[in-house]
Amino acid sequence: MSNVSVDTNDSSVNDNQPQDNPRRRFLTVATSVVGAAGVVGVAVPFIGSWSPSERAKAAGADVQIDISKIQPGQMIRVIWRSKPVWVVRRTPELLASLAKHEDSLKDPNSEQEQQPAFAKNRYRSLKEEYLILVGICTHLGCSPQHLANGAFEEYVEGVDEGFFCPCHGSKFDMAGRVFDGVPAPLNLVVPPYQFVDDNTVIIGSEAEGAA
């Protein structure tokens with residue numbers, strides 16, 4: 001067996017070694033780019049499918065709301081199951097006023113099941129500060145108007161703020177409780193909901209054990 005010496009300083013190219021072919025490099029890079037583009041093309045529609053469509057939301061998907069920007073006294077409107085939902089941040093003064101007109105209400109203690117069990121209280125809410133209602137009159141399905149800054153007193157003496165249905169004159173206080181002497185038979189509906197944290201509400205489902 002003969003010994004073969006290797007010259008590490010030999011700069012010659014062995015014909016049996018792979019060649020650094022520029023065309024081959026181009027084809028390799030081009031193939032990689034096309035392959036990556038194909039992956040992106042598959043991934044984007046798949047990721048998009050993770051978010052519920054508008055049709056799914058209308059059919060009953062939960063709706064998540066950021067309430068961090070709602071100031072005391074303000075109300076926002078969202079859509080859940082094709083219905084308007086109101087989220088009101090009530091002031092301490094408004095909360096205190098709810099006890100003053102209960103003798104004028106049809107169902108002041110929310111005996112009728114128009115709310116989850118956790119909202120069967122004077123404030124009809126999970127947290128007193130936030131009122132969440134389905135904005136549909138319980139008479140014939142019109143959407144009441146929110147009247148504030150004394151405008152509601154035109155319809156109920158001594159009550160500064162509330163909801164008035166322009167279709168047939170039903171009136172509700174700022175807990176969604178219906179007044180006597182109007183066509184609407186029931187309080188406004190409180191939907192199921194839960195607080196994920198201090199700034200986020202999910203409408204459509206309740207936390208386990210909520211009561």
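Inspect the stretch 105-121 for any residue being crowded, with 17+ Cβ neighbours inside 10 Å, under 13 Å from Met174 (Cα atoms) and within 17 Å of the chain's Cα centre (by Cα) and give the result as yes or no.
The answer is no; no qualifying residue exists.
Cβ-Cβ below 8 Å, separation at least six or inter-chain, first residue in the stretch 73-89 and surrounded by 14 or more Cβ atoms within 10 Å (Cβ to Cβ), second of a type in the set (Phe, Trp, Tyr): which pairs?
Met75/Trp86; Ile76/Trp86; Val87/Tyr130; Val88/Tyr130; Arg89/Tyr130
Looking only at the stretch 195-204, count every residue that is out of contact with any Ser or Thr (no Cβ under 6 Å at 6 or more places or on another chain) and either among the basic types (Lys, Arg) or over 11 Å from Val85 (Cβ atoms) (or both) and tell me the total.
Number of matching residues: 6.
Here is a check on your reading of the model: is Glu129 within 27 Å of Ser68 (Cβ to Cβ), outside the structural domain of Thr91 (by TED's automatic domain parsing) and surrounded by fewer than 20 Cβ atoms within 10 Å (Cβ to Cβ)? Before the answer, list the steps.
Details: within 27 Å of Ser68 (Cβ to Cβ): yes; outside the structural domain of Thr91 (by TED's automatic domain parsing): no; surrounded by fewer than 20 Cβ atoms within 10 Å (Cβ to Cβ): yes.
Judged against the criteria, Glu129 is not a match.
Please find, within the stretch 72-104, the residue that is nearest to Ala175 (Cα to Cα) out of those that are outside any loop (DSSP other than H, G, I, E, B) and among the β-branched types (Val, Ile, Thr).
Taking the stretch 72-104 first, the residues outside any loop (DSSP other than H, G, I, E, B) are 75-80, 83-89, 92-104.
Those still in the list that are among the β-branched types (Val, Ile, Thr) too: 76, 78-79, 85, 87-88.
Values: Ile76: 15, Val78: 18, Ile79: 19, Val85: 14, Val87: 11, Val88: 10 Å.
The qualifying residue nearest to Ala175 (Cα to Cα) is Val88.
The values are calculated or read from the model by the stated rules, or taken from the named source; none is laboratory data. Keep in mind that this is a model prediction, so the values were computed, not measured. Neighbour counts are summed over all protein chains in view; Cβ atoms, including those assigned to glycine, are modelled from backbone coordinates with ideal geometry.
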